[in-house]
Amino acid sequence: MTTPKIPKRGRGRRALPARGVDWLHNPVFNKGTAFTDAERDALGLRGLLPPHVQTMAEQVRRVMANFRSKSSDLERYIQMVALQDRNETLFYRVVMDHLEDMLPIIYTPTVGKACQEYGHIFRRARGFYLSSHDRGLVGKILRNWPTRDVKVIVVTDGERILGLGDLGAFGMGIPVGKLSLYTACAGIHPTQCLPVTLDVGTDNETLLADPLYIGLRQKRIRGDEYDAFIEEFMAAAQKLFPGVLIQFEDFGNRNAFRLLEHYRDRACTFNDDIQGTGAVALAGILSALHITGKKLADQRVLFLGAGEAGIGIAENLVACLVAEGLAPAEACRRCWFVDSKGLVVKGRDALTEHKVRFAHEHAPCADLFSAVQTLKPTMLVGASGQPKTFTEEIVRAMAGFNERPVVFALSNPTSKAECTAEEAYHWTDGRAIFASGSPFAPVTVAGKTHVPGQGNNAYIFPGVGLGVVCTGARRVTDTMFIKAARTLASLIREHELAEGRVYPSLNRIHEVSHAIAVAVAEEVFARQLNTRSRPDDLAGFIRSQMFKPEYPDYSKVLA
Ligand code: NAD
């Protein structure tokens, strides 16, 4: 891992502050009470801090004591964002050392609540806002970002925030949170991350009427006007930050698929809701097969929800099956979908392009229960954003014809999960292999404790991003995500499988991200998509690029 580098004087976000209080007000350099006596003398900080010099470990203990004393998760979110605004190094030290406590706060489920309340809990702007009123000026405005060394952008237009729908400019919590995960999970340097919200309006009437709404008070722009704005952003971002990785996040599905198709061969870009979800769920499925001892080709997977997540997962499954020797049409037949209009079958009206290949010859089924009864799936995957849709009769039916039914309730946040972990384990007498999108606590049934898997995209995208950044990859391919999924599944240990986990513990996320980055980098070099030459020791090089939250010694810098 890198030892902290002291930046040079000069322009940019990492330029050193002037003397004194500026050091305390710059989150990149601030050490707070940990500035040493020598630093306090050198930087003009005497008197601006209480006399006792704290170690970082003492600061971490203080932050965690405050964190635990808060009365709600939203309060914890506000505390952590405030810390990030004050002292980025300490923020990442705390997050990296307490990932299992922190991920549910800085990301799903709490980030969902934070987005719903974003204008109400707003303290200080974070990230970059471009509005459709900025059309024609996007390149110029983007130059206001204080550094050119941006390696990863996460961008949203706020139309489909988690399973919560259109939150407009309140969606900024998502790119901010995702980029925190890039740093916390894979060590991408925080100053190389740029969260962007494209405010194209909102169709959410509640927000439009909310006096504390922070975005444009207009309906969403659509059609050519929308596409031109996205194009202007993509061109400007690539020009200002050459080679930057651009992750699309939480776009409505009518735009998400289209934009991915349009830009995947023109930019270094991917859509996490489609490709990242596809990979994390595929890894969970491969791990589940370790437990059941069955083959992928023998599975019948029934999805509830045929949107970005469901289709993304099915596409990855198909790619995996084809790699195992199945014909594409045969591979597609392993995947079935129920959407808001019932079972997706051949001949059904107005099927979108992405559903067509999964529309098989079959009599219509109006609802999930009847589809489960007739298809007898081995795996049930929820990606509908509709809570409580895996009912007791459905889950019991799954347990009726499967010794170990696989039930993944992936909708986020927790309130949208198709069923809870407790329900899945109790209704199957502890036989279910369960994973969810948001975390659930372990459940004990008949004396045996089951640890639910969390199909958190954070297992995948930070490692993929690290591999892309370290190789200067020109494109992101589907194969990279399949490799990432296989790598993730390969890292699960026997004792974790024995607890019913289908993912490694989150505490192993750095090891996971590093291994995924190496696998992705191998693919980049194999496909000659690299713009950087291959180092002799690829794994060592990637490890050396990972940010480590430690305080540099600033006492000599102004001497
Ligand atoms: P989306 O809007 O693209 O798709 C939602 C799909 O659900 C659509 O096909 C819609 O027709 C269908 N649907 C809606 N109501 C339904 C109903 N009553 N019955 C059956 N189907 C219904 O959204 P998405 O990006 O696919 O996300 C869906 C959910 O998956 C969200 O809650 C999201 O948070 C979650 N998700 C989880 C993960 C993860 O676990 N890692 C990753 C991405 C998304």
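Every read-out reported here was derived from the displayed coordinates using simple, explicitly stated rules and does not represent laboratory data. For clarity, every value in this text was computed on a predicted model and none was experimentally measured. So basically every Cβ, Gly included, is an ideal-geometry build from the backbone, and we count neighbours across all protein chains shown.
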For this session: For the chain, build the charge dipole from Cβ charges (+1 Lys, Arg; -1 Asp, Glu) around the Cα centre, then report which of Tyr182, His290, Ser490 sits farthest towards its positive end.
Result: Tyr182
For this session: Quick one: which residues, 5+ away or cross-chain, put their amide H under 5 Å from the amide H of Val445? H built at 1.01 Å from N.
Result: His450
For this session: May I have the convex hull volume per residue, in Å³, for the Cα set of the range 309-369?
Result: 87 Å³
Seminar exercise, completed: Hydrodynamic radius by Kirkwood for the range 45-157, inverse mean 1/r across distinct Cα pairs, in Å, is 16.7 Å
Exercise. If you take the alpha carbon radius of gyration of the range 225-278 and divide it by 2.2 N^0.38 Å, what ratio comes out, to two decimals?
Worked result: 1.09
Problem set entry | Antiparallel DSSP beta bridges within the chain, percent to nearest 5 | 10 percent
Exercise. Taking the Cα centre of the chain as origin and charging only Cβ (+1 Lys, Arg; -1 Asp, Glu), how large is the dipole, in debye to the nearest 20?
Worked result: 1420 debye
For this session: For the range 375-529, count the residues as N, evaluate 2.2 N^0.38 Å, and divide the Cα radius of gyration by that value, please.
Result: 1.15
Problem set entry | FRET efficiency for Asn144 and Ser69, using Cβ-Cβ distance with R0 set to 60 Å, rounded to 0.05 | 0.95
Seminar exercise, completed: Taking the alpha-carbon centre of each part, the distance from the range 223-285 to the range 532-559 in Å is 29 Å
For this session: Mind jotting down the three principal axis lengths of the range 151-290 based on Cα atoms? Whole angstrom, largest first.
Result: 50, 36, 29
For this session: For the range 166-180, just list the computed ³J(HN,Hα) in residue order, Karplus coefficients 6.51, -1.76 and 1.60, θ = phi - 60°, integers in Hz, with x standing in for Gly and Pro.
Result: 7, 10, x, 5, 5, x, 3, x, 6, x, 4, x, 4, 6, 4
Exercise. By how many degrees, 0 to 90 and rounded to 10, does the Cα axis of helix 509-526 deviate from the longest principal axis of the chain?
Worked result: 80 degrees
Exercise. Expressed as a rounded percentage, what relative contact order does the range 188-313 have, with Cα pairs under 8 Å and six or more residues apart?
Worked result: 18 percent
For this session: Evaluate the charge dipole of the range 363-406 about its Cα centre and quote only its size in Debye, nearest 20, assuming +1 on the Cβ of each Lys and Arg and -1 on the Cβ of each Asp and Glu.
Result: 80 debye
Exercise. Angle, helix 392-401 long axis vs. longest principal axis of the chain, Cα atoms, 0 to 90°, nearest 10?
Worked result: 60 degrees
Exercise. Taking the Cα atoms only, what angle lies between the long axis of helix 88-97 and the longest principal axis of the chain, rounded to 10 degrees?
Worked result: 40 degrees
Exercise. Ratio of the range 222-349's C-alpha Rg to 2.2 N^0.38 Å, to two decimals?
Worked result: 1.24
Problem set entry | Stokes-Einstein D in µm²/s, Kirkwood radius over Cα pairs - the range 485-541 at 20 °C with 1.002 mPa s viscosity | 168 µm²/s
Problem set entry | Restricting the range 309-372 to trypsin sites (Lys or Arg not before Pro) in coil, as DSSP defines it, with at most 14 other Cβ within 10 Å | Lys341, Lys346
Exercise. Where the convex hull is taken over the Cα atoms of the chain, what is its projected area averaged over directions, in nm²?
Worked result: 26.5 nm²
Exercise. Among the GluC sites (Glu not before Pro) within the range 302-336, which fall in a DSSP loop and have no more than 16 other Cβ atoms within 10 Å of their own Cβ?
Worked result: Glu324
Problem set entry | Cα Rg, Dmax (largest Cα-Cα span) when computed across the range 175-242, Å | 15.4, 40
Exercise. Binning every alpha carbon pair distance of the range 120-226 at 5 Å from zero, what are the percents per bin?
Worked result: 2, 12, 21, 23, 20, 14, 7, 2, 0
For this session: Using the Karplus curve 6.51 cos²θ - 1.76 cosθ + 1.60 with θ = phi - 60°, work out ³J(HN,Hα) for each residue of the range 442-457 in order, rounded to whole Hz, and write x for Gly and Pro.
Result: x, 10, 9, 10, 6, x, 10, 9, 10, 9, x, x, 10, x, 7, 4
Seminar exercise, completed: Treating only Lys and Arg (+1) and Asp and Glu (-1) as charged, each at its beta carbon, one finds that the range 51-152 has a dipole about its Cα centre, in Debye to the nearest 20, of 360 debye
Exercise. To the nearest Å, what is the center-to-center distance of the range 438-493 and the range 62-117, using C-alpha atoms only?
Worked result: 22 Å
Exercise. Can you sort Ser384, Ser131 so the residue with the fewest Cβ neighbours within 10 Å comes first?
Worked result: Ser131, Ser384
Problem set entry | Per-selection Rg to Rh, the range 405-478 - Cα, Kirkwood hydrodynamic radius | 1.17
